[in-house]
(Lines give C-alpha, C1' and ligand atoms only; values in the text may rest on other atoms or scores of the structure.)
Protein backbone atom coordinates (compact mmCIF):
# COMPACT_ATOMS: atom_id res chain seq x y z
CA UNK A 1 0.00 0.00 0.00
CA UNK A 2 2.83 2.31 0.94
CA UNK A 3 4.63 1.42 -2.27
CA UNK A 4 1.52 2.23 -4.34
CA UNK A 5 1.13 5.57 -2.55
CA UNK A 6 4.75 6.48 -3.33
CA UNK A 7 4.29 5.58 -7.01
CA UNK A 8 1.08 7.64 -7.20
CA UNK A 9 2.80 10.60 -5.54
CA UNK A 10 5.69 10.44 -8.01
CA UNK A 11 3.31 10.29 -10.97
CA UNK A 12 1.38 13.33 -9.70
CA UNK A 13 4.62 15.26 -9.24
CA UNK A 14 5.71 14.34 -12.75
CA UNK A 15 2.33 15.37 -14.16
CA UNK A 16 2.42 18.74 -12.36
CA UNK A 17 6.01 19.31 -13.46
CA UNK A 18 5.05 18.62 -17.09
CA UNK A 19 2.13 20.99 -16.74
CA UNK A 20 4.42 23.70 -15.39
CA UNK A 21 6.74 23.32 -18.36
CA UNK A 22 3.99 22.97 -20.96
CA UNK A 23 1.89 25.98 -19.96
CA UNK A 24 4.55 28.64 -20.60
CA UNK A 25 5.39 26.95 -23.91
CA UNK A 26 1.74 27.08 -24.91
CA UNK A 27 1.62 30.76 -23.93
CA UNK A 28 4.77 31.51 -25.95
CA UNK A 29 3.24 29.94 -29.05
CA UNK A 30 0.17 32.17 -28.94
CA UNK A 31 0.12 34.73 -31.69
CA UNK A 32 -2.38 37.56 -31.98
CA UNK A 33 -4.40 38.22 -35.12
CA UNK A 34 -2.45 41.41 -35.81
CA UNK A 35 0.88 39.61 -35.41
CA UNK A 36 -0.32 36.85 -37.74
CA UNK A 37 -1.39 39.36 -40.38
CA UNK A 38 1.95 41.15 -40.24
CA UNK A 39 3.90 37.90 -40.24
CA UNK A 40 2.04 36.54 -43.28
CA UNK A 41 2.04 39.94 -44.97
CA UNK A 42 -1.64 39.76 -45.91
CA UNK A 43 -5.04 40.61 -44.49
CA UNK A 44 -7.85 38.22 -45.48
CA UNK A 45 -11.20 40.00 -45.51
CA UNK A 46 -14.75 38.97 -46.27
CA UNK A 47 -17.21 41.34 -47.92
CA UNK A 48 -20.37 41.14 -49.99
CA UNK A 49 -20.75 42.01 -53.64
CA UNK A 50 -23.36 44.60 -54.58
CA UNK A 51 -23.65 47.98 -56.28
CA UNK A 52 -21.82 49.83 -53.51
CA UNK A 53 -19.53 47.55 -51.50
CA UNK A 54 -17.58 45.52 -54.05
CA UNK A 55 -18.03 44.96 -57.78
CA UNK A 56 -16.23 44.84 -61.12
CA UNK A 57 -16.85 47.65 -63.60
CA UNK A 58 -15.03 47.88 -66.95
CA UNK A 59 -12.60 45.26 -65.72
CA UNK A 60 -11.64 47.13 -62.55
CA UNK A 61 -12.49 46.06 -58.97
CA UNK A 62 -14.31 48.89 -57.20
CA UNK A 63 -16.60 49.61 -54.25
CA UNK A 64 -16.90 51.55 -51.02
CA UNK A 65 -15.70 48.68 -48.84
CA UNK A 66 -13.01 47.68 -51.34
CA UNK A 67 -11.55 51.19 -51.49
CA UNK A 68 -11.55 51.52 -47.69
CA UNK A 69 -9.94 48.10 -47.29
CA UNK A 70 -7.23 48.96 -49.80
CA UNK A 71 -6.48 52.14 -47.86
CA UNK A 72 -6.26 50.11 -44.62
CA UNK A 73 -4.00 47.48 -46.19
CA UNK A 74 -1.70 50.21 -47.52
CA UNK A 75 -1.61 51.81 -44.07
CA UNK A 76 -0.68 48.47 -42.48
CA UNK A 77 1.81 47.63 -45.23
CA UNK A 78 0.19 44.29 -46.08
CA UNK A 79 -1.46 42.72 -49.09
CA UNK A 80 -5.26 42.72 -49.30
CA UNK A 81 -6.94 39.38 -50.03
CA UNK A 82 -10.68 39.68 -50.64
CA UNK A 83 -13.20 36.86 -50.28
CA UNK A 84 -16.88 37.37 -51.07
CA UNK A 85 -20.00 35.85 -49.61
CA UNK A 86 -23.48 37.39 -49.47
CA UNK A 87 -24.73 34.91 -46.86
CA UNK A 88 -24.60 36.66 -43.48
CA UNK A 89 -24.72 33.48 -41.42
CA UNK A 90 -21.76 32.05 -43.33
CA UNK A 91 -19.92 35.38 -42.94
CA UNK A 92 -19.95 35.12 -39.16
CA UNK A 93 -19.10 31.41 -39.30
CA UNK A 94 -16.02 32.02 -41.46
CA UNK A 95 -14.83 34.77 -39.13
CA UNK A 96 -15.29 32.69 -35.98
CA UNK A 97 -13.60 29.68 -37.60
CA UNK A 98 -10.54 31.74 -38.42
CA UNK A 99 -10.96 31.50 -42.19
CA UNK A 100 -10.89 35.31 -42.51
CA UNK A 101 -9.48 38.12 -40.38
CA UNK A 102 -12.26 40.64 -40.87
CA UNK A 103 -15.85 41.02 -42.07
CA UNK A 104 -15.92 44.32 -43.95
CA UNK A 105 -19.44 45.26 -44.92
CA UNK A 106 -22.35 47.39 -43.71
CA UNK A 107 -22.91 45.42 -40.52
CA UNK A 108 -25.44 47.04 -38.23
CA UNK A 109 -24.10 47.04 -34.68
CA UNK A 110 -26.56 45.21 -32.41
CA UNK A 111 -26.47 43.72 -28.91
CA UNK A 112 -26.96 40.21 -30.25
CA UNK A 113 -24.08 40.53 -32.68
CA UNK A 114 -21.82 41.95 -29.97
CA UNK A 115 -22.14 38.60 -28.20
CA UNK A 116 -20.52 36.93 -31.23
CA UNK A 117 -17.94 39.43 -32.47
CA UNK A 118 -16.11 42.63 -31.64
CA UNK A 119 -17.00 45.66 -33.75
CA UNK A 120 -14.67 48.38 -34.95
CA UNK A 121 -15.56 52.04 -34.68
CA UNK A 122 -18.40 52.78 -37.13
CA UNK A 123 -17.42 53.58 -40.70
CA UNK A 124 -20.85 55.15 -41.33
CA UNK A 125 -24.41 55.47 -40.04
CA UNK A 126 -27.68 54.72 -41.78
CA UNK A 127 -31.40 54.30 -41.21
CA UNK A 128 -33.32 51.27 -42.40
CA UNK A 129 -35.73 52.12 -45.19
CA UNK A 130 -38.93 50.47 -46.37
CA UNK A 131 -38.67 49.73 -50.09
CA UNK A 132 -42.07 49.83 -51.80
CA UNK A 133 -43.21 50.17 -55.38
CA UNK A 134 -44.76 53.36 -56.67
CA UNK A 135 -48.14 53.03 -58.41
CA UNK A 136 -48.54 53.14 -62.18
CA UNK A 137 -48.49 56.68 -63.48
CA UNK A 138 -46.45 57.95 -60.52
CA UNK A 139 -44.36 60.12 -62.86
CA UNK A 140 -47.33 62.46 -63.36
CA UNK A 141 -48.57 62.54 -59.76
CA UNK A 142 -48.14 65.41 -57.35
CA UNK A 143 -46.19 64.51 -54.23
CA UNK A 144 -49.14 64.72 -51.83
CA UNK A 145 -51.22 62.41 -54.03
CA UNK A 146 -48.31 59.97 -54.33
CA UNK A 147 -47.76 60.04 -50.55
CA UNK A 148 -51.40 59.09 -50.00
CA UNK A 149 -50.83 55.92 -52.00
CA UNK A 150 -47.64 54.92 -50.16
CA UNK A 151 -47.07 53.60 -46.65
CA UNK A 152 -45.82 56.56 -44.65
CA UNK A 153 -46.99 55.56 -41.15
CA UNK A 154 -45.25 52.52 -39.66
CA UNK A 155 -48.57 51.50 -38.05
CA UNK A 156 -49.80 50.71 -41.57
CA UNK A 157 -47.28 47.88 -41.82
CA UNK A 158 -49.58 45.72 -39.69
CA UNK A 159 -50.58 42.63 -41.61
CA UNK A 160 -48.11 43.29 -44.42
CA UNK A 161 -45.53 40.73 -45.64
CA UNK A 162 -42.01 42.08 -45.88
CA UNK A 163 -39.21 40.06 -47.46
CA UNK A 164 -35.73 40.45 -45.96
CA UNK A 165 -32.37 38.71 -46.16
CA UNK A 166 -31.99 35.88 -43.64
CA UNK A 167 -30.06 36.67 -40.45
CA UNK A 168 -30.00 40.38 -41.32
CA UNK A 169 -30.50 43.22 -38.88
CA UNK A 170 -33.55 44.13 -40.99
CA UNK A 171 -35.38 41.04 -39.74
CA UNK A 172 -34.52 41.87 -36.13
CA UNK A 173 -35.66 45.46 -36.59
CA UNK A 174 -39.01 44.39 -38.04
CA UNK A 175 -39.61 42.03 -35.10
CA UNK A 176 -39.01 44.92 -32.72
CA UNK A 177 -41.23 47.18 -34.82
CA UNK A 178 -44.01 44.59 -34.71
CA UNK A 179 -43.88 44.75 -30.91
CA UNK A 180 -43.78 48.55 -30.96
CA UNK A 181 -46.90 48.92 -33.10
CA UNK A 182 -48.70 46.19 -31.14
CA UNK A 183 -49.61 44.22 -34.24
CA UNK A 184 -48.15 41.52 -36.44
CA UNK A 185 -45.84 42.08 -39.39
CA UNK A 186 -45.24 39.00 -41.50
CA UNK A 187 -41.47 38.70 -41.94
CA UNK A 188 -40.32 36.43 -44.77
CA UNK A 189 -36.60 35.68 -44.34
CA UNK A 190 -35.09 34.44 -47.60
CA UNK A 191 -31.62 33.51 -48.85
CA UNK A 192 -31.42 36.43 -51.25
CA UNK A 193 -29.40 39.58 -50.82
CA UNK A 194 -30.94 43.03 -50.41
CA UNK A 195 -30.36 44.20 -53.98
CA UNK A 196 -32.05 41.12 -55.42
CA UNK A 197 -35.06 41.82 -53.20
CA UNK A 198 -35.13 45.46 -54.30
CA UNK A 199 -35.17 44.35 -57.93
CA UNK A 200 -38.12 42.07 -57.13
CA UNK A 201 -40.04 44.96 -55.58
CA UNK A 202 -39.40 47.02 -58.70
CA UNK A 203 -40.54 44.15 -60.95
CA UNK A 204 -43.73 43.57 -58.92
CA UNK A 205 -42.70 40.09 -57.71
CA UNK A 206 -42.90 41.16 -54.05
CA UNK A 207 -44.39 44.26 -52.44
CA UNK A 208 -41.93 45.21 -49.71
CA UNK A 209 -38.39 44.78 -48.49
CA UNK A 210 -36.08 46.73 -46.19
CA UNK A 211 -32.68 48.20 -47.00
CA UNK A 212 -30.06 50.45 -45.47
CA UNK A 213 -30.54 53.96 -46.83
CA UNK A 214 -27.15 53.99 -48.65
CA UNK A 215 -28.10 50.98 -50.73
CA UNK A 216 -31.66 52.27 -51.15
CA UNK A 217 -30.45 55.58 -52.56
CA UNK A 218 -28.13 54.00 -55.14
CA UNK A 219 -30.75 51.47 -56.24
CA UNK A 220 -33.45 54.13 -56.66
CA UNK A 221 -31.27 55.71 -59.33
CA UNK A 222 -31.41 52.39 -61.16
CA UNK A 223 -35.03 51.53 -60.26
CA UNK A 224 -36.85 54.90 -60.30
CA UNK A 225 -40.21 53.21 -59.60
CA UNK A 226 -39.24 52.29 -56.04
CA UNK A 227 -40.04 54.55 -53.10
CA UNK A 228 -37.42 55.01 -50.37
CA UNK A 229 -38.93 57.75 -48.18
CA UNK A 230 -40.34 55.68 -45.29
CA UNK A 231 -37.91 54.97 -42.47
CA UNK A 232 -38.39 51.98 -40.19
CA UNK A 233 -35.51 52.72 -37.81
CA UNK A 234 -33.48 55.52 -36.27
CA UNK A 235 -29.88 56.01 -37.49
CA UNK A 236 -27.73 52.96 -36.67
CA UNK A 237 -23.98 52.43 -36.62
CA UNK A 238 -22.40 50.46 -39.45
CA UNK A 239 -19.09 48.81 -38.64
CA UNK A 240 -16.66 45.99 -39.45
CA UNK A 241 -16.31 42.88 -37.29
CA UNK A 242 -13.29 41.01 -35.91
CA UNK A 243 -13.10 37.93 -33.71
CA UNK A 244 -13.88 38.25 -30.03
CA UNK A 245 -10.71 39.14 -28.17
CA UNK A 246 -8.85 40.34 -31.28
CA UNK A 247 -8.12 43.55 -29.41
CA UNK A 248 -4.84 44.54 -31.05
CA UNK A 249 -6.21 44.16 -34.56
CA UNK A 250 -9.40 46.02 -33.69
CA UNK A 251 -7.37 48.81 -32.09
CA UNK A 252 -5.19 49.04 -35.19
CA UNK A 253 -8.28 49.49 -37.37
CA UNK A 254 -9.92 51.90 -34.90
CA UNK A 255 -6.84 54.14 -34.72
CA UNK A 256 -6.59 54.29 -38.49
CA UNK A 257 -10.32 54.66 -39.22
CA UNK A 258 -10.90 57.32 -36.55
CA UNK A 259 -8.36 59.54 -38.31
CA UNK A 260 -9.13 58.49 -41.88
CA UNK A 261 -12.85 59.37 -41.59
CA UNK A 262 -11.86 63.03 -41.25
CA UNK A 263 -9.69 63.12 -44.37
CA UNK A 264 -10.54 64.44 -47.80
CA UNK A 265 -9.76 61.01 -49.22
CA UNK A 266 -12.52 59.37 -47.15
CA UNK A 267 -15.03 62.01 -48.20
CA UNK A 268 -14.15 61.41 -51.85
CA UNK A 269 -14.60 57.65 -51.48
CA UNK A 270 -17.95 58.10 -49.74
CA UNK A 271 -19.20 60.57 -52.35
CA UNK A 272 -17.98 58.36 -55.20
CA UNK A 273 -20.37 55.57 -54.23
CA UNK A 274 -23.22 57.21 -52.32
CA UNK A 275 -23.56 60.72 -53.75
CA UNK A 276 -22.81 59.88 -57.35
CA UNK A 277 -25.66 60.18 -59.86
CA UNK A 278 -23.62 58.14 -62.32
CA UNK A 279 -24.18 55.08 -60.10
CA UNK A 280 -27.25 54.16 -62.14
CA UNK A 281 -25.13 54.24 -65.31
CA UNK A 282 -22.66 51.86 -63.70
CA UNK A 283 -25.30 49.42 -62.43
CA UNK A 284 -27.15 49.55 -65.74
CA UNK A 285 -24.01 49.11 -67.82
CA UNK A 286 -23.38 45.95 -69.80
CA UNK A 287 -19.92 45.98 -68.19
CA UNK A 288 -21.20 45.95 -64.61
CA UNK A 289 -20.10 42.40 -63.86
CA UNK A 290 -22.56 41.56 -61.06
CA UNK A 291 -25.57 41.97 -63.35
CA UNK A 292 -24.09 41.09 -66.73
CA UNK A 293 -21.40 38.55 -65.83
CA UNK A 294 -19.18 40.42 -68.29
CA UNK A 295 -15.71 41.85 -67.87
CA UNK A 296 -15.38 43.44 -71.30
CA UNK A 297 -17.10 43.52 -74.67
CA UNK A 298 -14.43 41.10 -75.90
CA UNK A 299 -15.31 38.32 -73.47
CA UNK A 300 -16.60 35.92 -76.13
CA UNK A 301 -13.37 36.17 -78.11
CA UNK A 302 -11.20 35.97 -75.00
CA UNK A 303 -13.05 32.82 -73.93
CA UNK A 304 -12.58 31.22 -77.34
CA UNK A 305 -8.83 31.69 -77.62
CA UNK A 306 -8.12 31.17 -73.91
CA UNK A 307 -9.75 27.76 -74.17
CA UNK A 308 -7.45 26.87 -77.06
CA UNK A 309 -4.38 27.41 -74.86
CA UNK A 310 -5.93 25.95 -71.70
CA UNK A 311 -5.99 29.21 -69.71
CA UNK A 312 -8.80 30.59 -67.58
CA UNK A 313 -10.32 33.36 -69.71
CA UNK A 314 -10.58 35.61 -66.66
CA UNK A 315 -6.79 35.46 -66.26
CA UNK A 316 -6.29 36.43 -69.90
CA UNK A 317 -8.84 39.22 -69.43
CA UNK A 318 -6.84 40.48 -66.44
CA UNK A 319 -3.70 40.53 -68.59
CA UNK A 320 -5.49 42.46 -71.34
CA UNK A 321 -6.82 44.97 -68.82
CA UNK A 322 -3.26 45.43 -67.53
CA UNK A 323 -1.95 45.96 -71.04
CA UNK A 324 -4.57 48.17 -72.66
CA UNK A 325 -7.61 48.67 -70.35
CA UNK A 326 -9.52 46.93 -73.19
CA UNK A 327 -8.75 49.81 -75.58
CA UNK A 328 -7.96 48.36 -79.04
CA UNK A 329 -6.32 51.60 -80.23
CA UNK A 330 -3.92 51.85 -77.26
CA UNK A 331 -0.28 52.57 -78.14
CA UNK A 332 2.52 52.58 -75.57
CA UNK A 333 5.55 54.90 -75.43
CA UNK A 334 7.66 51.93 -76.61
CA UNK A 335 5.51 51.32 -79.69
CA UNK A 336 3.46 48.34 -78.45
CA UNK A 337 -0.10 48.50 -79.77
CA UNK A 338 -3.55 46.93 -79.65
CA UNK A 339 -5.49 45.12 -76.93
CA UNK A 340 -2.57 42.80 -76.19
CA UNK A 341 0.09 45.51 -76.59
CA UNK A 342 2.31 43.47 -78.89
CA UNK A 343 5.62 45.03 -79.90
CA UNK A 344 5.93 45.52 -83.70
CA UNK A 345 8.44 42.69 -84.25
CA UNK A 346 6.46 40.31 -82.02
CA UNK A 347 3.22 41.26 -83.77
CA UNK A 348 4.86 40.61 -87.13
CA UNK A 349 6.04 37.20 -85.93
CA UNK A 350 2.48 36.45 -84.76
CA UNK A 351 1.06 37.55 -88.10
CA UNK A 352 -0.74 40.79 -87.18
CA UNK A 353 -0.27 44.53 -87.53
CA UNK A 354 -2.04 47.77 -86.54
CA UNK A 355 -4.75 47.30 -89.15
CA UNK A 356 -5.96 43.93 -87.85
CA UNK A 357 -9.12 43.53 -85.77
CA UNK A 358 -9.25 43.11 -81.98
CA UNK A 359 -10.20 39.48 -82.61
CA UNK A 360 -6.96 38.90 -84.54
CA UNK A 361 -4.95 40.64 -81.85
CA UNK A 362 -6.46 38.51 -79.08
CA UNK A 363 -5.71 35.40 -81.12
CA UNK A 364 -2.12 36.54 -81.68
CA UNK A 365 -1.64 37.45 -78.02
CA UNK A 366 -2.87 34.08 -76.79
CA UNK A 367 -0.57 32.37 -79.31
CA UNK A 368 2.31 34.31 -77.77
CA UNK A 369 1.20 33.11 -74.32
CA UNK A 370 1.18 29.51 -75.62
CA UNK A 371 4.67 29.94 -77.09
CA UNK A 372 6.02 31.36 -73.83
CA UNK A 373 4.45 28.60 -71.75
CA UNK A 374 6.14 25.99 -73.92
CA UNK A 375 9.48 27.54 -72.99
CA UNK A 376 8.75 26.90 -69.29
CA UNK A 377 7.25 23.43 -69.63
CA UNK A 378 9.81 21.98 -67.18
CA UNK A 379 8.22 24.00 -64.36
CA UNK A 380 5.79 21.33 -63.17
CA UNK A 381 3.57 23.52 -60.97
CA UNK A 382 1.35 25.25 -63.49
CA UNK A 383 0.29 27.99 -61.08
CA UNK A 384 3.98 28.93 -60.83
CA UNK A 385 4.60 28.47 -64.56
CA UNK A 386 1.83 30.98 -65.31
CA UNK A 387 3.65 33.69 -63.32
CA UNK A 388 6.84 33.09 -65.36
CA UNK A 389 4.79 33.41 -68.55
CA UNK A 390 3.23 36.67 -67.39
CA UNK A 391 6.63 38.08 -66.45
CA UNK A 392 8.06 37.08 -69.83
CA UNK A 393 5.10 38.63 -71.64
CA UNK A 394 5.95 41.91 -69.95
CA UNK A 395 9.75 42.07 -69.89
CA UNK A 396 10.89 39.38 -72.31
CA UNK A 397 11.87 35.80 -71.69
CA UNK A 398 15.62 36.57 -71.60
CA UNK A 399 15.44 38.66 -68.44
CA UNK A 400 13.30 36.02 -66.72
CA UNK A 401 15.84 33.32 -67.61
CA UNK A 402 18.59 35.54 -66.18
CA UNK A 403 16.63 35.89 -62.92
CA UNK A 404 16.18 32.11 -62.74
CA UNK A 405 19.92 31.63 -63.21
CA UNK A 406 20.69 34.13 -60.45
CA UNK A 407 18.24 32.37 -58.12
CA UNK A 408 19.77 28.97 -58.89
CA UNK A 409 23.28 30.30 -58.29
CA UNK A 410 22.19 31.70 -54.92
CA UNK A 411 20.66 28.39 -53.82
CA UNK A 412 17.05 29.45 -54.38
CA UNK A 413 14.42 27.48 -56.28
CA UNK A 414 14.42 28.66 -59.93
CA UNK A 415 10.93 27.18 -60.43
CA UNK A 416 9.27 29.36 -57.79
CA UNK A 417 8.27 32.94 -58.63
CA UNK A 418 7.14 34.54 -55.34
CA UNK A 419 9.98 35.37 -52.93
CA UNK A 420 12.47 33.63 -55.20
CA UNK A 421 12.90 34.45 -58.89
CA UNK A 422 10.87 37.66 -58.63
CA UNK A 423 13.40 39.03 -56.14
CA UNK A 424 16.29 38.37 -58.52
CA UNK A 425 14.46 40.12 -61.32
CA UNK A 426 14.26 43.13 -59.00
CA UNK A 427 18.02 42.83 -58.39
CA UNK A 428 18.79 43.02 -62.10
CA UNK A 429 18.83 46.80 -61.83
CA UNK A 430 21.87 46.45 -59.53
CA UNK A 431 25.28 46.24 -61.31
CA UNK A 432 26.43 43.58 -58.84
CA UNK A 433 23.76 41.34 -60.34
CA UNK A 434 23.35 42.39 -63.98
CA UNK A 435 27.13 42.07 -64.42
CA UNK A 436 27.13 38.56 -62.98
CA UNK A 437 28.51 35.96 -65.46
CA UNK A 438 25.23 33.98 -65.42
CA UNK A 439 23.35 37.04 -66.72
CA UNK A 440 23.13 37.23 -70.52
CA UNK A 441 20.65 40.07 -71.07
CA UNK A 442 22.09 42.79 -68.84
CA UNK A 443 20.26 45.53 -66.98
CA UNK A 444 16.53 45.23 -66.27
CA UNK A 445 14.18 47.53 -64.38
CA UNK A 446 12.46 44.66 -62.61
CA UNK A 447 10.07 46.72 -60.48
CA UNK A 448 7.59 47.13 -63.33
CA UNK A 449 7.47 43.39 -64.04
CA UNK A 450 7.30 42.53 -60.34
CA UNK A 451 4.21 44.75 -60.01
CA UNK A 452 2.83 43.57 -63.38
CA UNK A 453 2.62 39.93 -62.30
CA UNK A 454 1.26 40.80 -58.86
CA UNK A 455 -1.43 43.13 -60.21
CA UNK A 456 -2.63 40.69 -62.87
CA UNK A 457 -2.89 37.85 -60.36
CA UNK A 458 -4.66 40.08 -57.80
CA UNK A 459 -7.17 41.30 -60.38
CA UNK A 460 -7.71 37.71 -61.52
CA UNK A 461 -8.75 36.83 -57.95
CA UNK A 462 -11.27 39.69 -58.02
CA UNK A 463 -12.64 38.46 -61.35
CA UNK A 464 -13.02 34.96 -59.90
CA UNK A 465 -14.89 36.40 -56.92
CA UNK A 466 -17.63 37.89 -59.08
CA UNK A 467 -17.55 36.47 -62.63
CA UNK A 468 -18.35 32.81 -63.27
CA UNK A 469 -15.95 30.81 -65.42
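The values are calculated or read from the model by the stated rules, or taken from the named source; none is laboratory data. Predicted model only: the values in this text are computed from it and were never measured. FYI the Cβ positions are ideal-geometry reconstructions off the backbone, even for glycines, and counts take in every protein chain you see.
Being touching a residue at least 60 places away in the same chain (Cβ under 8 Å) and not in a helix (DSSP H, G or I) is the filter; apply it to the stretch 141-186 and report the residue that is farthest from residue 110 (Cα to Cα). Taking the candidates together, the pick is 150. Among the candidates 203, 271, the residue that is exposed (fewer than 15 other Cβ atoms within 10 Å of the Cβ) and farther than 24 Å from residue 86 by Cβ is uniquely 271.
Quick one: would you say residue 447 is part of a helix (DSSP H, G or I) and either surrounded by 22 or more Cβ atoms within 10 Å (Cβ to Cβ) or more than 32 Å from the chain's Cα centre (by Cα) (or both)? Criteria not met by residue 447.
For the stretch 90-109, the set of residues classified as part of a loop (DSSP other than H, G, I, E, B) and surrounded by 15 or more Cβ atoms within 10 Å (Cβ to Cβ) consists of 100, 101, 109, listed by residue number.
Given the structure, is residue 86 assigned to a loop (DSSP other than H, G, I, E, B), surrounded by 15 or more Cβ atoms within 10 Å (Cβ to Cβ) and in contact (Cβ under 8 Å) with a residue 24 or more places away in the chain? So residue 86 passes the test.
From the set of residues in the stretch 413-443 that are within 32 Å of the chain's Cα centre (by Cα) and not in a helix (DSSP H, G or I), which is surrounded by the most Cβ atoms within 10 Å (Cβ to Cβ)?
My answer is 414.
Determine, yes or no, whether residue 129 is touching a residue at least 24 places away in the same chain (Cβ under 8 Å), buried (at least 22 other Cβ atoms within 10 Å of the Cβ) and either under 30 Å from residue 85 (Cβ atoms) or within 30 Å of the chain's Cα centre (by Cα) (or both).
Judged against the criteria, residue 129 is a match.
Here residue 395 does not fit the description of being buried (at least 18 other Cβ atoms within 10 Å of the Cβ), at pLDDT 95 or above and within 17 Å of residue 448 (Cα to Cα). If you filter the stretch 44-83 down to residues that are in a helix (DSSP H, G or I) and under 12 Å from the mean Cα position of the chain (by Cα), you find that the one that is surrounded by the fewest Cβ atoms within 10 Å (Cβ to Cβ) is 70.
For the stretch 306-338, the candidate set comprises residues that are in a helix (DSSP H, G or I) and over 27 Å from the mean Cα position of the chain (by Cα); within that set, the residue that is nearest to residue 459 (Cα to Cα) is 309.
How about the stretch 390-403: which of its residues are part of a helix (DSSP H, G or I) and either more than 26 Å from residue 40 (Cβ to Cβ) or not assigned by TED's automatic domain parsing to the domain that holds residue 365 (or both)? The answer is 392, 393, 394, 395, 397, 398, 399, 400, 401, 402.
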